[in-house]
Ligand SMILES: Cc1cc2nc3c(=O)[nH]c(=O)nc-3n(C[C@H](O)[C@H](O)[C@H](O)COP(=O)(O)OP(=O)(O)OC[C@H]3O[C@@H](n4cnc5c(N)ncnc54)[C@H](O)[C@@H]3O)c2cc1C
């Protein structure tokens, strides 16, 4: 008999999302030897959406998650559903990757948020989904030029986008600090842990197998197939998907050495009093401004303000984050007088030097989409559909994200959290814009 996910399985981060998400689907640890078409390592939105899309097409998929569904970035993030990259606008992507691959990537990004909300609707996922749009407000007048350019490039590619003036974005956000904004209509926000767990429920409902408390310990080729072992079982499959993103460990050492991991904090206030809540983000959108040192804002269903920050110095961060964030909240929403925080948690973001995500082929029939650079919710969900296409024979270099050779950068990845110090430079640039 299979053992229930035991108490030794790491708990979720103590987040707002863990406190408010509906229960996850019941899952157990892997205690047997299984055969499948595809074995997927990692139970975040990428791995789970991949399993769901495959199961919907009759492809047998097994997910092995070391901890719990949504344990990694998928359960800890801000829950912004964003159809763009943080760095990399359409024309630059086309210039970098060429006409076909570049435009394919742009279309993939453009459609990723809509695909996410459609999937939520199709499977009736209870995750507080709000598709009122995502805005990128200009923190300086000079940033409007960048946003106009961005708007032009996306609207030429049929994205549902518009430019807002200072009054319009001020009315949506309830703050006068911004000078205008780029607005993407298909964006929005969710409880991200509820989304990950809901995708797991849907995938299981469609016939996928999801095991928690089941870390992949070894990956090997055996008789032309992939064999993945866990502490109490193994899965043999034609194809392998590694969906571990910023939580990639030593399983495939070269992969971990392609990334820099940044610790990002998320916080929420207590529920705002009704009179204050009515003036803070009355448009109920998600928003992340033009600063390189990100200022993300949204509310949850109980009218808490949810925001986040990265600290440049990776020391004593738990203690330093509260006053830092309270000051930032006050800068944008001075009407919030009670800036005590109800929830504070953090997660790892997988970054690359050029801040672009990519796909690596890591062996015959083995693939990993990785390094979403802090924008992996919509992209991860959308990657699930791409990987189902791949399992049906679509070549890896025809997917929505560009296929690249693994280029380990041991020095860079060894920097670890100290790479956060780059923020000092970002803040200088933000002040000069
Ligand atoms: C604080 C924070 C805020 C963010 N905000 C946003 C946002 O607002 N919008 C947005 O789009 N993106 C955001 N991101 C990024 C986003 O969360 C990630 O890009 C996305 O969740 C990646 O999903 P994933 O499924 O690929 O990886 P993850 O969700 O990280 O899942 C990887 C999983 O692999 C498991 N794993 C690792 N090794 C093994 C192993 N050997 N065996 C089995 N399992 C293993 C881990 O336990 C983990 O659950 C944020 C990230 C963080 C950390």
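Using all C-alpha to C-alpha distances in the stretch 24-84, build P(r) with 5 Å bins and read off the rounded percent in each one.
Bin by bin from 0 Å, the calculated values are 4, 16, 23, 25, 18, 9, 3, 2, 0.
Report D for the chain in µm² per second (integer): Stokes-Einstein, Kirkwood Rh on Cα pairs, 37 °C, 0.692 mPa s.
Approximately 150 µm²/s, per Stokes-Einstein.
Helix 376-391 sits at what angle to the longest principal axis of the chain, using alpha carbons and giving 0 to 90 degrees rounded to 10?
Its long axis makes an angle of about 30 degrees.
In whole angstrom, note down how far apart the Cα centers of the stretch 17-42 and the stretch 346-397 are.
With the stretch 17-42 and the stretch 346-397 each reduced to a Cα centre, they are spaced 20 Å.
Can you give the angle from 0 to 90° between the axis of helix 99-122 and the longest principal axis of the chain, with both taken from C-alpha atoms, to the nearest 10?
90 degrees
At a Förster radius of 51 Å, what calculated FRET efficiency corresponds to the Cβ-Cβ distance of residue 429 and residue 37, to the nearest 0.05?
For residue 429 and residue 37, the calculated efficiency is 0.60.
Based on the Kirkwood radius over alpha-carbon pairs, what is the Stokes-Einstein translational diffusion coefficient of the stretch 216-348 at 25 °C with 0.890 mPa s viscosity, in µm²/s?
136 µm²/s
Pull out a ≥ b ≥ c, the square roots of the eigenvalues of the alpha-carbon gyration tensor of the stretch 1-108, then state rounded if a/c is under 1.5, prolate if not and a/b is larger than b/c, and oblate in the remaining case.
Oblate is the answer for the stretch 1-108, as a/c is 1.5 or above yet b/c matches or exceeds a/b.
Please check: in the Gaussian network model of the chain (C-alpha springs, under 10 Å), which one of 393, 308, 133 has the largest mean-square fluctuation.
393
Where the centroid of each part is defined by its Cα atoms, how far is the stretch 242-297 from the stretch 64-110 in Å?
Computed from Cα coordinates, the inter-centre distance equals 14 Å.
Could you check the spin-label model distance between residue 320 and residue 335? Points 7 Å from the Cα along Cα→Cβ, value in nm.
In this crude label model, residue 320 to residue 335 measures out at 3.3 nm.
Mind checking the full-extension length gain between residue 157 and residue 392? Use 0.36 nm per residue of separation minus the Cα-Cα distance, one decimal, nm.
Between residue 157 and residue 392, full extension yields an extra 81.8 nm.
From the helices alone, meaning DSSP H stretches of at least four residues, give me the mean residue ellipticity at 222 nm for the chain, per-run term -39500 (n - 2.57), in deg cm²/dmol to the nearest 500.
-10000 deg cm²/dmol
What ranking, highest mean first, results for peptides 56-62, 385-391 when packing means the other Cβ atoms within 10 Å averaged over each residue?
Result, highest mean first: 385-391, 56-62.
What Rg and what Dmax come out for the stretch 76-186 when only alpha-carbon atoms are used, in angstroms?
Looking at the stretch 76-186, its Cα Rg and Dmax stand at 15.0, 43 Å.
If packing is taken as the average count of other Cβ atoms within 10 Å, what order do 105-118, 212-225 fall into, highest mean first?
105-118, 212-225
Alpha carbons only, please: Rg and Dmax for the stretch 316-392, in angstrom.
Cα radius of gyration and Dmax of the stretch 316-392 are 19.0, 57 Å respectively.
Specify the residue with the greatest mean-square fluctuation among 309, 129, 278, computed from a Gaussian network of the chain linking alpha-carbon atoms under 10 Å apart.
Checking each option, the largest mean-square fluctuation is seen for 278.
Starting from the alpha-carbon convex hull of the stretch 123-258, give the projected area averaged over all orientations, in nm².
For the stretch 123-258, the mean projected area of the Cα convex hull comes to 12.9 nm².
Based on the mean of other beta carbon atoms within 10 Å per residue, what is the order of 426-433, 351-358, most packed first?
The most tightly packed comes first, giving 351-358, 426-433.
If I build a Gaussian network model for the chain, linking alpha-carbon pairs within less than 10 angstrom, which residue out of 29, 79, 363 has the largest mean-square fluctuation?
363
Does the stretch 86-148 come out rounded, prolate or oblate by the C-alpha gyration tensor, with a ≥ b ≥ c the root eigenvalues, rounded set by a/c under 1.5 and, if not, prolate when a/b is larger than b/c and oblate if not?
Taking the square roots of the gyration eigenvalues as a ≥ b ≥ c, the stretch 86-148 is oblate.
Once the Cα atoms of helix 45-56 and of the chain are each reduced to a long axis, what angle between those two axes, in degrees from 0 to 90 to the nearest 10, is obtained?
50 degrees
Starting from the Cα of residue 57, step 7 Å along the direction of its Cβ; do the same at residue 327; then give the gap between the two resulting points in nm.
5.1 nm
Specify whether the C-alpha gyration tensor of the stretch 163-212 places it in the rounded, prolate or oblate class, a ≥ b ≥ c being the square roots of the eigenvalues: rounded for a/c under 1.5, otherwise prolate if a/b is larger than b/c and oblate if not.
Prolate is the answer for the stretch 163-212, as a/c is 1.5 or above and a/b outweighs b/c.
May I ask what percent, to the nearest 5, of DSSP beta bridges between residues of the chain are antiparallel?
Roughly 70 percent of the beta bridges in the chain run antiparallel, per DSSP.
Starting from the Kirkwood Rh over alpha-carbon pairs, what translational D in µm² s⁻¹ does the stretch 254-329 have by Stokes-Einstein at 10 °C and 1.306 mPa s?
113 µm²/s
What are the principal axis extents of the Cα atoms in the stretch 178-271, in Å, biggest first?
61, 36, 28
Debye sum, Cα scatterers, the stretch 293-426, no solvent: what log₁₀ I/I(0) at q = 0.09, 0.13, 0.14, 0.20 1/Å?
After summing over all Cα pairs, the log10 values are -0.40, -0.74, -0.82, -1.18.
How far apart, in nm, are two points set 7 Å out from the Cα along the Cα-to-Cβ line at residue 263 and at residue 355?
The two pseudo-label positions are separated by 2.3 nm.
Computed from the coordinates by the stated procedures, all read-outs in this text should not be read as laboratory data. Only a predicted model underlies this, so the values are computations on that prediction, with no experimental measurement involved. Don't worry about glycine lacking a Cβ; one is built from the backbone with ideal geometry, like all the others, and counts go over all protein chains shown.
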